[in-house]
Amino acid sequence: MKEIKRIVRNTLENLEDNNVKEWVTIKSTVKDKIRDYLYQKNKRNPMVLPIIIDA
């Protein structure tokens, strides 16, 4: 989980640096990065359901 948190944090920082503000783009990018990481580790394609809460 620590590695997934790091991936999410880095992805969000990268999206922010590129001035990406669309929720759909943010959500799909985070999902893709997590799915790629999990595939590398487990050689399986899990269903990733990111939940983003606007605070």
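The values are calculated or read from the model by the stated rules, or taken from the named source; none is laboratory data. What you are looking at is a predicted structure, and each value in this text was computed from that prediction instead of being measured. Side chains are part of the model used for accessible areas, which takes the heavy atoms of the whole protein and leaves out ligands, DNA and RNA. Shrake-Rupley method; radii C 1.70, N 1.55, O 1.52, S 1.80 Å.
Taking a straight Cα-Cα cut-off under 17 Å and skipping sequence neighbours fewer than 8 places away in the same chain, the lysines within cross-link reach of K5 are K27, K31, K33, K41. Once all protein chains are placed together, K41 keeps about 130 Å² accessible to a 1.4 angstrom probe.
What do the square roots of 5 times the Cα gyration tensor eigenvalues come to for the chain, in whole Å, largest first, as semi-axes of the equivalent ellipsoid? Mind showing how you got there, number by number?
On the way: eigenvalues 82, 28, 20 Å².
Values for the chain, descending: 20, 12, 10 Å.
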